[in-house]
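Written below as structure tokens is the structure these notes are about.
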Amino acid sequence: KNQVEQSPQSLIILEGKNCTLQCNYTVSPFSNLRWYKQDTGRGPVSLTIMTFSENTKSNGRYTATLDADTKQSSLHITASQLSDSASYICVALDSGTYKYIFGTGTRLKVLA
Amino acid sequence: DVKVTQSSRYLVKRTGEKVFLECVQDMDHENMFWYRQDPGLGLRLIYFSYDVKMKEKGDIPEGYSVSREKKERFSLILESASTNQTSMYLCASSLSGRKNIQYFGAGTRLSVL
């Protein structure tokens with residue numbers, strides 16, 4: 001069954017610290033993997049998209065990595081800010097059905 | 001900037017009512033999607049449209065229908081609302097192609113009493 005699992009479910013860090021969010025997927029055939037940021041009460045906003053041939057992609061202080069062999073991805077946030085408080089959602093695209101498989105998200109809270 | 005606009009941020013309806021959720025995008029995107037988002041669950045696809053008047057069922061289409069008469073507008077219809085349809089509804093659009101970004105609206109939080 002196609003699944004995307006994220007960990008941890010929630011995370012609290014102090015402003016200025018780094019953190020890493022994890023995503024494991026079992027989607028096959030796999031096309032690409034996306035990370036979204038969703039602020040409370042808003043729709044998700046795309047951070048990165050990586051195909052199976054890409055290992056890393058950055059968007060400002062956000063860096064995503066992908067290991068297509070182990071079917072794992074991570075999102076690293078550097079020098080966190082209060083505005084990073086949000087849910088981060090990992091999404092894998094099944095290239096057979098063209099369906100997006102969403103993880104349940106990691107809820108990040110950055111404290112001053 | 002791409003803009004996906006959902007007509008209502010909050011809606012309260014009664015069981016049995018017919019409910020329309022409207023979504024408009026301004027970037028001439030071919031694809032449009034309706035999802036629902038519930039606590040502890042990932043976004044679940046209700047319906048997908050890849051062109052005007054074209055639609056495909058997603059993972060949870062029961063109790064819902066859709067309409068796409070114009071390219072920029074995708075409507076979700078709850079024929080007879082039930083309490084288990086209380087949820088956050090998110091509309092998204094994208095260009096065709098597998099690497100294209102999905103752009104989401106702000107969501108409509110629907111409560112069915």
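Since every read-out is calculated from the coordinates, none of them should be taken as a lab result. Just so it is clear, the model here is predicted, and its values are computed rather than measured.
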Any idea what % of Cα-Cα pairs in chain B are farther than 20 Å? 34 percent
Take the eigenvalues of the Cα gyration tensor for chain A, scale each by 5, and report the square roots as semi-axes in whole Å, largest first. 24, 14, 12
Rounded Å value of the spacing that divides the Cα centres of region A:57-112 and region A:9-39: 3 Å
Can you give me the pair-distance distribution of region B:44-107, C-alpha pairs, 5 Å bins, whole percents? 4, 15, 26, 29, 17, 7, 2, 0
Counting only Cα atoms, I'd like the Rg/Rh figure for the protein assembly as shown, Kirkwood definition for Rh. 0.97
Any aspartates and glutamates whose Cα falls less than 14 Å from that of B:Lys18, other than same-chain ones fewer than 8 residues away, would be B:Glu79
From the cross-link list A:Lys71/B:Lys57; A:Lys57/B:Lys3; A:Lys71/A:Lys99; A:Lys1/A:Lys71; A:Lys99/B:Lys57, which pairs have alpha carbons spaced over 20 Å apart? A:Lys71/B:Lys57; A:Lys57/B:Lys3
In percent, how large is the relative contact order of chain A, given Cα pairs closer than 8 Å and 6 or more residues apart? 37 percent
